[in-house]
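Nothing in this text is a laboratory measurement; each read-out follows from the coordinates by a stated rule. Quick caveat, the model's predicted, so the values are computed rather than measured. Ideal geometry is used to build each Cβ from the backbone, glycine not excepted, and the neighbour counts take in all protein chains shown.
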Amino acid sequence: MREFIVEADGGSRGNPGPAGYGAVVCDAATGQTLAEAAEYIGVATNNVAEYRGLLAGLRAAHALDPSAAVHVRMDSKLVVEQMSGRWKIKHPDMKPLAAQARTVFPPDQVTYEWIPRERNKHADRLANEAMDAGAKGGQWSPSAS
C-alpha cells in the first residue's frame, strides 16, 4: 500500500482577513513531492484557512491514490486535535469543513500529527504565495513557486 504525507497550512492576514492555504503531498518512502495545492480564498479566519488547506491536501492525495495511507502533518494544533477526535468542533464555519475532510478517505487510512511551524515550511510558503497572489488580484499557480 502506498503511503503519503500531507503537509497543510493556512493563514490569514488579520483574523479574519485576506486568507489562503497551501498543501503538499509527498511520497512517505522517498520524500518526493507528488502534488502541491494553494489558493487565495478571500476573507476568512486562520482556522478556516487551515481546514481548507487540509481538504486540498487530502483531495490531492486521493486523486493520486484513493487506497493510500495518509499521514497528515500540520502546525495547527486545533485542526489536528479536532480531526483526531480529541477536541470538539464548536465553530459553525469549521464543522462542515471537518465533515468534508472526514469523507475524502476512510478514517482508518488517515492519521494526524502536530508539527512545529518551522517543520511546515513548504506548505507555509505555498499559503503565503497564495495570499500574495490574492493581494495582487490574482490566483496562485504552480509555475510561480
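Structure above, values below:
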item	result
Mean separation of Cα contacts under 8 Å (6+ apart) over length of the chain, as relative contact order %	32
Model label zone, ILE115; criterion: amide N under 12 Å from point 7 Å along Cα-to-beta-carbon; scope region 25-57	25-28, 31-33
Ascending count of other beta-carbon atoms within 10 Å, so fewest first, for MET74, MET1	MET1, MET74
Proxy reagent accessibility, fewest Cβ within 10 Å first, across GLU36, GLU3, GLU118	GLU118, GLU3, GLU36
28 Å Cα-Cα reach of LYS77 towards lysines, excluding residues that sit fewer than 8 places from it in its own chain	LYS88, LYS90, LYS95, LYS121
Cα centroid of region 10-67 to Cα centroid of region 88-125, whole Å	9
Expected 222 nm ellipticity per residue - DSSP helices of 4 or more, -39500 (n - 2.57), all of the chain, to 500	-11000 deg cm²/dmol
Residue exposure sequence - PHE4, PHE105 - by fewest surrounding Cβ within 10 Å	PHE105, PHE4
Relative contact order of region 60-138, defined on C-alpha pairs under 8 angstrom at six or more residues apart (%)	42
